[in-house]
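Have a look at the structure below before the remarks.
What follows draws every value from the coordinates through simple rules; no lab data is involved. This structure is a prediction, so every number in the text was calculated from the model and none was measured. Cβ: placed from backbone, ideal geometry, glycine included. Neighbour counts: every protein chain shown.
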């Protein structure tokens, strides 16, 4: 089972568009999705949330998710974000395992993640986290969470 802890931020620009940042909690220095150990994959989802997320300091809410995923919206106000590494730490050469990695895009009134003149769809389909295209991850998040 793949764990998708995430949160989002938005910055509206005066030119009429919004920069949205999707923050994903990833392993392998930001290059791999976080997976539940095989022996724990059959545990109830609530137990996985407690043992993998809450006990590691990630506080938030589980979202409805497809069978092989557990989507978890992290509340940055309840989570001590300073206790976690950022992707920039890995880029700076630090040997870090788990990091918050940002994914940025520019959106407009058409909605986050829509195909637009900036080529969001084309770019996201070429971006991979591990062996999984970011577009697939985005679809799981969008279908499971309150992302519009």
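General remarks:
- Residues 81, 1 arranged by fewest to most Cβ contacts within 10 Å: 81, 1
- One chain, two ends: residue 95 and residue 21. Fully extended at 0.36 nm per residue, the span grows by 24.2 nm beyond their Cα-Cα distance.
- Chain lengthening between residue 39 and residue 51 when straightened (0.36 nm per residue, less Cα-Cα): 3.0 nm
- Fewest neighbouring Cβ atoms within 10 Å first, the residues 96, 71 line up as 96, 71.
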